[in-house]
Each structure stands twice: as C-alpha cells, then as structure tokens.
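The values are calculated or read from the model by the stated rules, or taken from the named source; none is laboratory data. These numbers were taken from a predicted model, which means no experiment stands behind them. Positions of Cβ are backbone-derived with ideal geometry, glycine not excepted, and every protein chain shown enters the neighbour counts. Please note that ligands, DNA and RNA were not included when accessible areas were found on the heavy atoms of the full protein model with its side chains. Shrake-Rupley method; radii C 1.70, N 1.55, O 1.52, S 1.80 Å.
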Amino acid sequence: MSYMGQARPGLHNRRLVAGRGRFTADVERPNACWMALARTPHASARILEIDTSEAEAVPGVVKILLGEELARETRPLTASYNPERGGGKRLSFHALSVDHVHFVGQPVAAVVATDRHAAHLACERIVVDYEQEPVVTDAVEALEPDAPVVIPEWEDNLVYRTEYNQGDVAAGLAEASGTVSGSFKTQRYLSSPIEPRSYLADFDPYEEMLTVWSSTQMPHPARGTLSRCLGLPETSIRVVQGDVGGGFGTKSPGSSEEILVAYLSHQLQRPVRWVEERQEYFLSCGHARETLFEFDAGFTDDGRLLALDIRVTGDVGSPTGLAWVQSYVTAYCLPCAYKVPNCRVRLHSVATNKCGWAGYRGFGKETATQAMDRILDRVADATGIDRLEVRLRNFIPPDEFPYSQVSGAMLDSGDYPTAMRRLAEMVDRDAFRAEQEAARQEGRHLGLGFAFELTPEGCSMPHNPVLQGYDGATVRVGPSGRVTVLTGVTSPGSGNETGIAQIVADALGVRFDDVRVIQGDTDTCPYGLGNFSSRSLMIGGSAALEAANELRDKLFRVAGNALEVAEEDLVSEDGEIRVKGSPDRSIPIRKVASMIYTNAFGREALEVEPGLESTRYFRVGNVYHQPETQGRFSAYPTWPYMACAAVVEVDPTTGLVKVVRYYGVHDCGTVINPMLVEGNLHGGIAQGLGGALYEDLVYDENGQLLTTTFMDYTLPTAVEMPAEVITEHQVTPTEATPLGTKGAGESGIAGPISAIASAIEDAFPDLDLELMEMPLQPERVWQAIQAAQNQGAEDPGAQGAARPGASAR
Amino acid sequence: MTSKVALRVTVNGSKYEREVPSRQLLADFLREDLGLTGTQLGCEQGVCGSCTVMLDGDSVRSCLLLAAQVDGAEIVTVEGLAQEDGALHPIQRAFWEHHGLQCGFCTPGMMITALDLIAKLPLAEGSPELDQKIREGIAGNLCRCTGYQNIVAAVRAAAAKMSGQAEAEAGSTDSRESAP
Ligand code: FES
Ligand code: FES
C-alpha cells in the first residue's frame with residue numbers, strides 16, 4: 001500500500017481540535033515579565049527628547065529601554081537580500097529608532113513590567129518630544145526630485161532599481177499591428193494570520209542559554225539573526241517554535257519585537273514575553289503588495305504579444321520592513337507564463353512614510369500574475385479575440401521547457417494549454433452564457449472571468465542566509481522499529497509534516513502510524529531554513545526521502561542476511577520486509593531493527609554500522625547561481641500554476657460583487673496528500689478573494705493608517721466565499737525533486753484578483769468597463785459602471801454596440 | 001490599585017471560587033488563572049471570534065466580557081468538549097476528519113460557535129438552505145487558513161451526527177454527545 005497520494009488530515013489536528021494547541025502565547029514561564037512598546041504617532045519626525053520619569057514611577061516597571069542603549073549594545077537588523085548588493089540602498093536598522101521615525105507605529109521605547117497592564121500604562125506615560133517633518137505617502141510622488149526623503153541620511157527614496165531586457169522592445173512595439181497602454185494597481189494589504197505574533201525569551205545565566213519560544217516560521221534563521229544582533233554564539237541560543245497560528249510569510253525572522261524580547265531577557269536575566277495586539281499588527285508588523293504597473297503592449301492581429309514594455313513601481317513603505325524584496329520578485333517573474341519575444345521590465349522599489357513590507361503569501365509573484373492577466377484581457381478586448389483564447393495563443397508551449405524567462409528565471413515544466421482547456425470544459429461556457437442570458441432577462445448581471453497564475457516555489461537567492469534551496473532531515477528508526485523524523489522545515493499549519501510522514505512511511509515500508517515528525521526546535525532538529533516559498537514538502541520532504549532511503553538500504557542489507565537472499569530481491573510494506581515473489585518469506589522491520597540495536601556483533605548486522613539514523617541534506621535542482629556561466633541567475637526550482645475562473649454576480653445599483661463559483665485546474669507536480677493541497681488552495685483562494693474585493697490598508701495624506709481593526713480591514717467570512725470552489729489537479733512532475741513534487745502553499749491567491757476583475761467586466765458586455773485598480777469594493781465598481789454608462793451616453797455610436805471583442809467572448 | 005471581586009463560576013463542570021481583579025477579562029481569567037489556554041485571542045477587539053466560549057448555553061466572546069460578569073454562570077470551553085476519557089465530541093471529530101482546520105488557532109472558537117448554531121438552528125439534513133445557514137452562523141468567526149469550505153462540511157457532518165445521536169439517545173441521561 002502506498003500512503004503517498006492518500007488524503008489524510010493533519011497529524012497534529014486531533015490535538016488541535018482537542019484544544020491542546022501549544023501556541024507561543026500559551027507557554028508559561030514562572031515570573032515572566034511583559035514587554036510593551038511605545039510607538040510613534042507620527043509618520044515622519046525627529047525625536048528631540050524622551051522623558052521616561054513618569055513611566056518609571058509606574059509600579060511594576062522593571063526596565064525602560066530606549067534606542068540609544070539598543071544601538072550601543074546590539075548589531076542592527078539587515079535585509080536578507082540587501083538592495084545594496086544590486087546597487088541599491090543599504091537596509092540596516094535597529095528595532096527602536098534613535099533619532100528619527102519614518103512611519104506611524106514605529107517603536108521608540110520598550111517597557112518591561114511585571115504585568116501587561118503596568119507595561120502598557122508605563123508606555124502611555126513616556127513623553128516624546130518630536131519635531132514633525134514632511135511626509136510622503138505615494139511612491140510616484142516619492143520619486144519626484146523635491147519629495148521629502150524617508151530616511152534622512154538618504155539622498156532619495158529609490159531603494160532599488162533594476163531592468164531586464166529581451167529582444168528589442170521599441171522595434172517590437174513599432175512593428176505590432178496593435179498596441180494597448182495603461183496601468184494596473186494593486187492596493188496595500190497584508191497576510192493577517194489570526195494568531196498574533198508572540199515571543200517569549202528566557203535567559204539562563206548559569207547555562208548561558210537563551211531560549212526563545214517564537215511564533216516563527218523559520219527557527220534556525222531566527223536563531224542566526226538573534227545570534228548576530230545580540231553577539232551571542234548560536235550554541236547559546238535555542239529557538240523553539242510553538243504551534244503557529246498561520247504564518248503566510250509574515251512570521252519571518254528579523255522582527256523588531258523578537259530581538260527586543262531576546263535582548264531584554266538576556267539583559268534582565270529573567271523571562272520576558274510579548275504578545276502582539278491586533279492594532280500593533282496593522283500598524284507595524286508589515287504590509288505587502290502595493291504595486292503600480294504601467295505598460296505598453298504590442299500584438300499581432302491574431303492576439304500574439306510581440307512586445308511588452310512594463311514598468312513596476314513597488315511602494316515598499318518604510319525600509320525598516322525588510323521584505324522589500326517582494327517587489328524584486330514581481331519584476332523577476334514577468335511576463336510569467338507567456339512567451340514575449342521583445343520584453344523590457346523595469347523595477348523601482350520606493351520608500352514612503354508607511355509601514356514597511358513583511359512577507360506575504362505570493363511574495364510578489366501574485367502581483368506579476370495579476371498584471372499579466374489584466375494586460376491580456378486588454379489585448380483580447382482590443383483584438384476581439386476571446387479572453388481564454390488569447391492566453392492559449394501566448395502561453396509558453398509545453399515542449400519549450402525548461403524555458404528561460406526574461407529575468408533569467410528558468411521555468412522547469414508545465415502544460416499550461418491543457419490546464420486552460422480543462423478549465424474551459426469544467427466551466428462549460430455555453431452553459432454559462434445561457435445562464436447569463438437568463439439572468440439578464442431577470443435584470444441580474446452575471447459574469448465569467450479567467451486568470452492564469454504562476455507561482456514559482458522553493459526560492460533560493462545567492463549569498464542569502466535565509467532564502468536557500470536546501471534543507472535537512474534526520475530519520476531515525478528506533479530499536480522497536482518505530483520511526484522519528486526531525487526536519488529543518490516547519491509547518492505553520494500547512495500540514496507538510498503529514499506529507500513528510502507519508503513519504504517516509506512509503507520509503508521505509510512502515511505503517512503511517514509508526515512515524516512521528518518533530519519540527520521547529522533548533523536544539524533537536526537538523527539545520528534548516530524553515531517554512532517559506534512552499535518549500536517544506538518539496539525540499540524538506542526530499543531530504544527526508546533520501547534519509548529514509550539510506551535506512552531502507554541498511555535494513556534490506558541486514559534483512560537479506562537474515563533471509564539469505566540478495567537485497568535487490570527484497571521489498572518492504574506495512575512494517576514487513578518480504579522476498580519478491582515469495583510472500584511467505586518475510587521479516588518484520590522491528591525484528592531487523594532489533595538485530596541492529598541488540599545484536600551488533602551477530603551474523604546479520606555485523607557488516608553494517610550500528611544504529612539506524614540518517615541525516616541528509618537535499619539541494620533542489622533547477623537553481624542556477626553562477627551568472628558567469630548562466631548569464632543571469634535562476635532562483636526558483638519549480639513553477640506550479642493554476643488556471644482559474646470566477647463566476648460573479650454584480651448589483652449595478654450598489655456595485656456589490658458576489659462570487660458565485662470559483663474553478664481551478666492546478667498543477668503542483670506529484671501530489672502527496674490531496675486533502676492538504678486542496679485545503680491550501682481553498683485558503684489561498686479565500687485570501688485572494690479578500691484582496692480582490694475587500695482588504696485595503698488605507699493611509700491618509702499625513703501617513704495615518706485608518707484601518708487598524710478587523711472591523712475596517714475586512715477579511716472574507718464564510719458568507720463571502722462562494723458556495724462552490726471546485727478544483728482539479730493536473731500532474732506535470734518536475735525534475736527538480738526526486739518525487740516530482742512542486743510547491744503548493746502559495747497557489748490560489750493570485751487568481752481571484754484578475755479572475756474577479758475580468759468577470760465583473762464580463763457581466764456588462766454593453767459597457768466599456770476596465771477595472772485596473774484594486775480592490776473592487778462596491779464604491780469603486782459602482783463608480784466604474786457609472787463612468788462607463790456616462791461615456792456610452794456621450795458617445796451614442798458606442799451605446800448598445802458591443803465594444804471590440806465583447807461579442808467574441 | 002485594582003479592586004478585586006469575588007467570583008463563583010462553573011467551568012467545564014468544575015466549580016471555582018476566586019477573587020479576580022475587577023477589570024480582568026473573562027478570556028484572561030480562563031487562560032491565565034485557570035490555565036485553559038485552548039481559548040485563543042486573535043484580536044481582543046471583539047471581531048475575530050477566536051475567543052468564543054459557551055456561557056449558559058450561548059456562545060459569547062470572552063474578550064468582550066469581564067470575568068466579574070460571569071458570576072454564577074456555567075461556562076464551557078474547548079477543553080470541556082471531549083469526554084473525560086479523551087473521546088472527542090462529534091464536532092471535534094468532524095473538524096478533524098473533514099480537515100476543517102489548518103493552523104487550528106480559530107478552531108476552538110469556531111467549534112463553540114458551531115455548537116451554538118447546531119443547538120439553536122436545527123435544519124433538516126439535505127435542506128437546500130443548510131449550507132447557507134451554516135455560513136451565516138459562523139460568519140462572526142474569522143479563519144485565515146481554510147477558506148471555510150471544509151469548516152462548512154465539518155459543521156454539516158457534525159449536525160447530522162448529533163441529530164442522529166440525539167434521536168438514538170433520547171431519554172438517555174448523558175447528553176454530552178448531543179450538546180454541551
Ligand atoms: S479575540 Fe475576542 S473576538 Fe477576537
Ligand atoms: S485554521 Fe488557521 S485561522 Fe482557521
């Protein structure tokens with residue numbers, strides 16, 4: 001029996017439904033103090049003076065830490081991919097600002113007190129004298145020569161710029177039989193795990209050991225960051241990951257609060273904890289996405305892209321947010337799944353006086369996909385070619401993989417046209433058009449839209465302490481034949497531990513229930529990079545496979561001696577090693593393990609090394625970091641994708657959009673656990689739907705964030721989700737991993753943005769509706785409908801007449 | 001200094017008599033004083049629903065109540081759902097089997113809300129409105145991981161199971177499996 005391919009609920013879920021979660025905020029330490037942070041109310045200001053006298057008088061206050069001490073005693077946080085490396089600005093900051101603040105919510109002082117209320121009260125009593133400075137909250141304005149500069153030491157706000165070229169874009173545009181130009185803008189939004197961040201540090205001066213319980217996705221990199229900032233050896237730091245209540249990229253190392261808690265515990269020699277408040281999360285944890293695309297696309301009469309000139313402006317906010325690199329990834333992925341002979345991509349990553357970026361599922365790839373989808377819909381409309389057909393005509397053909405994209409990204413494998421055609425079958429467009437027509441008779445507006453997301457996974461960047469395409473796993477078969485797997489990858493709820501157990505059970509031929517997986521503790525698990533970029537099953541699972549294979553060979557060797565057959569004639573299943581073709585000749589794995597552990601000098605086990613433990617590191621294929629031989633570097637080993645369709649109903653009187661159905665044909669290579677993959681897709685689609693219709697971080701012109709609760713920053717609830725999310729899998733295995741697995745954790749999130757926008761346009765075939773700014777909240781949709789209607793009224797020739805392409809759709 | 005109030009409360013069947021600070025939240029009382037950390041705090045703004053507990057048969061947000069307000073009441077938290085021998089309640093089993101959770105942080109609050117819903121809105125199995133009613137019933141609980149589809153499936157399955165059990169066990173003194 002094979003466990004791989006089986007649908008199985010997560011290994012920890014029984015414990016979690018029992019209410020026995022061990023989230024970091026649930027961990028108790030005797031005499032733990034609470035940390036609270038005083039945060040600035042200004043978007044840009046010079047700190048003149050900080051008066052802590054009243055705060056110190058609050059009973060229970062143990063320490064007040066200011067930026068000066070921290071800057072003196074610790075090293076700054078730096079971005080794992082520093083723009084300086086590519087000729088941009090150097091990003092290097094302390095967790096508490098010393099003399100200048102750049103965004104509302106930036107911490108200026110930390111208070112440690114014996115209880116939470118005292119810590120908060122003391123924060124309120126810290127008096128900071130500020131001199132306010134001019135603010136810039138728009139990335140385009142921030143690039144103007146006279147714009148206020150976000151970081152006083154900088155000359156301008158350009159964090160990073162780069163350009164990728166292929167062919168001759170000017171010639172391509174000139175040659176094209178038609179062109180479309182315009183812009184597309186995604187709003188600023190954020191990942192919003194329901195578990196707030198939480199850290200608890202406890203320094204033991206006698207052992208010289210700092211233990212940090214952390215709601216982190218990456219325990220080993222977190223340990224590395226702490227070690228570097230605090231100047232403690234890595235062997236004096238243990239990071240223990242609690243259960244993580246959702247990460248989505250946000251719970252990455254380098255958070256100010258994690259450093260502060262660790263520093264304060266070390267200094268005070270007692271436990272210090274911090275649990276994030278939701279308002280703090282919105283203000284300061286880290287935002288993502290806000291990107292402007294300006295494009296000129298040239299195409300042939302039959303809708304093939306000849307040239308694309310695209311300028312990407314990422315508003316990365318305060319560069320104290322270290323995940324600016326998401327804007328780099330956006331540019332790196334363009335033009336995604338499409339073959340464009342002449343292409344130029346220009347990126348500007350720009351600082352503004354808003355919260356900086358933190359990683360968020362999609363990590364920049366989603367915005368690239370969305371831009372391409374919207375551009376292709378414009379090409380379809382301009383040429384009169386069906387929107388789905390336009391994608392088919394521009395896809396990279398399946399026989400051209402591996403395919404080197406404009407940036408040098410090497411796309412490993414895929415069959416995009418087959419996925420898109422299967423999607424068309426699932427959607428049944430003829431049936432939908434009939435449904436749409438019938439609804440129209442009742443005055444209801446239904447629309448159908450398409451998207452094609454490409455979500456490269458397993459990121460590996462040169463000279464990067466975090467983003468590396470390898471990981472480690474230890475597999476241990478005990479004397480009783482039970483199996484323990486320790487991994488360097490971790491799970492923030494995505495369930496990779498379950499998939500890894502399935503892989504190991506199959507490789508060894510043991511029962512699934514006999515495998516236990518341990519993750520997230522730097523003292524017990526092999527070094528690894530943790531969870532990001534959907535790498536855990538694909539890379540961590542491959543390391544576990546290799547370790548398990550090594551042990552299986554050893555078990556077979558000893559079993560062969562016991563059964564007096566050659567190892568090649570053995571198979572293992574269900575806890576037994578059997579002779580092929582003679583099912584009655586077998587030996588239980590537990591017996592073989594026992595021979596190795598309890599009879600090391602016996603005939604069967606004498607020729608093998610005692611013990612049954614293997615640690616292997618797996619380096620993923622299809623990553624190229626040698627620009628001298630490759631020309632450009634290739635960071636992503638696997639390129640999963642999903643063809644998506646949304647059916648929406650729009651109320652033109654209010655602009656309210658309801659997603660009625662959502663379809664996807666998804667390819668993440670070999671599927672180890674379809675239940676977990678589908679669960680991931682559902683979650684990704686929900687987050688994408690939130691980004692399409694509801695979620696928006698709104699700043700006023702003074703840099704004040706107006707959305708700081710779940711009341712005004714609205715996540716989709718069960719009611720907003722369509723009654724039907726229908727997904728199917730197509731399997732195009734990759735050669736980059738031994739089982740053909742690709743990443744699946746970020747899939748689903750990109751498609752809804754463009755599919756829903758496309759579907760809303762489709763709901764009004766008589767109007768020239770172009771939705772190129774997100775999110776599509778009712779007000780924006782209503783205004784767009786009004787504007788298109790007025791435009792139609794002014795131009796009677798256009799009224800009622802289908803715009804080019806509308807009839808063909 | 002903070003004043004204290006006397007509090008008598010039954011939580012998961014056990015009776016407690018405590019002195020609590022007058023401004024202590026019910027959530028903090030449960031988590032910190034009683035060590036019942038299964039109830040989670042996702043926002044402390046009354047929006048996410050992860051802190052939901054059962055108070056005298058109604059689901060409530062324990063971040064919006066003071067401990068002092070529940071004097072004399074009976075409270076059930078996620079820890080009170082399974083039987084003493086550890087056997088899971090049908091709602092827990094359904095969430096587990098239907099993959100109605102990923103990170104599990106929203107799950108305790110989501111299950112309590114679902115139990116309240118199942119108890120108050122009995123809908124016939126197979127009724128076309130069933131899913132919509134479930135969706136509306138859990139719309140006050142945010143989940144960022146699952147997209148809700150499997151949660152709806154879990155609640156539907158638990159409702160069917162519990163109504164079946166309620167019928168089978170009619171007259172039985174142990175009502176634990178049918179409703180907390
Ligand atoms: S924590 Fe109570 S509603 Fe969010
Ligand atoms: S399972 Fe993670 S928030 Fe619901």
**Request:** State to the nearest 20 debye the size of the charge dipole of chain A about its Cα centre, where the only charges are +1 on K and R beta carbons and -1 on D and E beta carbons.
**Result:** 2000
**Request:** Mind checking A:450-458 for the average number of partner chain beta-carbons within 10 Å of each residue's beta-carbon?
**Result:** 0
**Fill in**
Interface call, the range B:108-153: threshold 40 Å², probe 1.4 Å, accessible heavy-atom surface of protein chains, chain by itself vs complex, result B:Arg135, B:Ala139, B:Leu142, B:Arg144, B:Cys145, B:Gly147, B:Tyr148, B:Gln149
**Request:** Please report, as a whole percent, how much of the solvent-accessible surface of the protein assembly as shown comes from carbon and sulfur atoms (probe radius 1.4 Å).
**Result:** 47
**Asked** Do you know which residues of the range A:8-23 lose at least 30 square angstrom of accessible area in the protein assembly compared with their chain on its own, with a 1.4 angstrom probe?
**Response** A:Pro9, A:Asn13, A:Arg14, A:Leu16, A:Val17, A:Ala18, A:Gly19, A:Phe23
**Request:** Per residue of B:78-87, count partner chain C-beta atoms within 10 Å of its C-beta, then hand back the mean as an integer.
**Result:** 2
**Request:** Could you state the accessible area per residue of the protein assembly as shown in Å², with a 1.4 Å probe and every protein chain left in place?
**Result:** 36
**Complete:** Output row, site A:Gln269, 7 Å Cα→C-beta label point, backbone N cut-off 19 Å, window the range A:190-228, residues A:201-212
**MRE, 222 nm, helices only [DSSP H, n ≥ 4, -39500 (n - 2.57), over chain A, to nearest 500]** = -8500 deg cm²/dmol
**Complete:** Among A:Lys365/A:Lys554; B:Lys15/B:Lys161; A:Lys63/A:Lys354; A:Lys89/A:Lys365, the pairs whose Cα-Cα distance exceeds 32 Å are A:Lys365/A:Lys554
**Asked** Going by the alpha-carbon gyration tensor, a ≥ b ≥ c the square roots of its eigenvalues, is the protein assembly as shown rounded (a/c under 1.5) or, if a/c is not under 1.5, prolate (a/b greater than b/c) versus oblate?
**Response** rounded
**Message:** Tell me the accessible surface of B:Val78 in square angstrom (1.4 angstrom probe, heavy atoms of protein chains only), to the nearest ten.
**Reply:** 0
**Prompt:** Chains B and A: buried accessible surface, both sides, probe 1.4 Å, rounded to 100 Å²?
**Reply:** 4000
**Asked** In a GNM of chain B with a 10 Å cut-off on Cα contacts, which of B:Leu117, B:Leu130, B:Leu101 has the highest mean-square fluctuation?
**Response** B:Leu130
**Request:** Once you have the Cα-Cα distance between A:Asn165 and A:Ile726, take 0.36 nm times their residue separation minus that, and quote the gain in nm to one decimal.
**Result:** 198.1 nm
**Fill in**
Ignoring ligands and nucleic acids, A:Tyr527 exposes an accessible area, probe 1.4 Å, in Å² to the nearest 10, of 80
**Item:** Complex-versus-alone comparison for the range A:482-509, residues with a loss of 10 Å² or more in accessible area, probe 1.4 Å
**Value:** A:Gly493
**Asked** One-quarter of the Cα convex hull surface for the range A:104-230, in nm²?
**Response** 15.4
**FRET efficiency, 1/(1 + (r/R0)^6) with R0 51 Å, evaluated for A:Asp700 and A:Phe601 via beta carbons** = 0.05
**the range B:112-165: mean projected area of Cα convex hull, nm²** = 3.5
**Request:** Quick one, could you list the DSSP H helices from chain A stretching 15 Å or more along their long axis (Cα atoms) with average Kyte-Doolittle hydropathy of -1.0 or above?
**Result:** A:219-230, A:256-268, A:365-383, A:416-427, A:496-508, A:541-563, A:674-693, A:751-762, A:778-794
**Prompt:** In peptide B:28-34, what is the residue-averaged number of other protein chain Cβ atoms found within 10 Å of each Cβ?
**Reply:** 1
**Message:** If you count only protein heavy atoms and use a 1.4 Å probe, how large is the accessible surface of A:Lys89, to the nearest 10 Å²?
**Reply:** 40
**Request:** Taking the Cα centre of the range A:384-516 as origin, sum charge times position over the Cβ atoms of Lys and Arg (+1) and Asp and Glu (-1), and report the length of that vector in debye to the nearest 20.
**Result:** 260
**Asked** Ranked highest first by average number of other Cβ atoms within 10 Å, how do A:649-655, A:22-28, A:262-268 line up?
**Response** A:262-268, A:22-28, A:649-655
**Item:** Residue order for A:Asp381, A:Asp766 - accessible surface, 1.4 angstrom probe, largest first
**Value:** A:Asp766, A:Asp381
**Item:** Given charges at Cβ of Lys, Arg, Asp, Glu: the protein assembly as shown dipole, positive-most of A:Ala643, A:His729, A:Met420
**Value:** A:His729
**Fill in**
Over chain B, the sum of -39500 (n - 2.57) across DSSP H runs of at least four, divided by residue number and rounded to 500 deg cm²/dmol, gives at 222 nm -8500 deg cm²/dmol
**Prompt:** Put a dot 7 Å past each Cα toward the Cβ at A:Asp651 and A:His625; how far apart are the dots in nm?
**Reply:** 5.4
**Message:** I want to check the label-to-label distance for A:Val127 and A:Ala174. Put each point 7 Å from Cα in the C-beta direction and report it in nm to one decimal.
**Reply:** 6.9
